[in-house]
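What follows is one structure encoded as structure tokens, with my remarks underneath.
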Amino acid sequence: MVALKIEILNPKALKLIKGMQDLKLIKVNEEPASSLKVYLKKMRRNNATAPSLNEITNIVEEVRAKRYAQK
């Protein structure tokens, strides 16, 4: 068995994939949302000033740079 991640660009392709699934040629699994993204979405609903994913990434990179610079 081979697992592939496919991005569907054309809605017609989705019909083809669903048809193959109906014929039991393939099995389609939805990719679950990452827990970080779910958590951030929840936090943003509660607070208008919550940091964006890019801001969090920048902060994490700064901390990592400082930590690895000390070694």
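Tell me which residues, restricted to the range 26-71, are assigned to a helix (DSSP H, G or I), of a type in the set (Ser, Thr, Tyr) and loosely packed, with under 10 Cβ neighbours inside 10 Å.
Scanning the range 26-71 gives Ser35, Tyr68.
Within the range 1-23, which residues are in a loop (DSSP other than H, G, I, E, B) and of a type in the set (Asp, Glu)?
Glu7
Readers should treat all values here as calculations from the given coordinates under stated rules, not as data from a laboratory. These figures come from a predicted structure and were not determined experimentally. With ideal geometry, Cβ positions are generated from the backbone for all residues, glycine too; neighbour counts draw on all protein chains shown.
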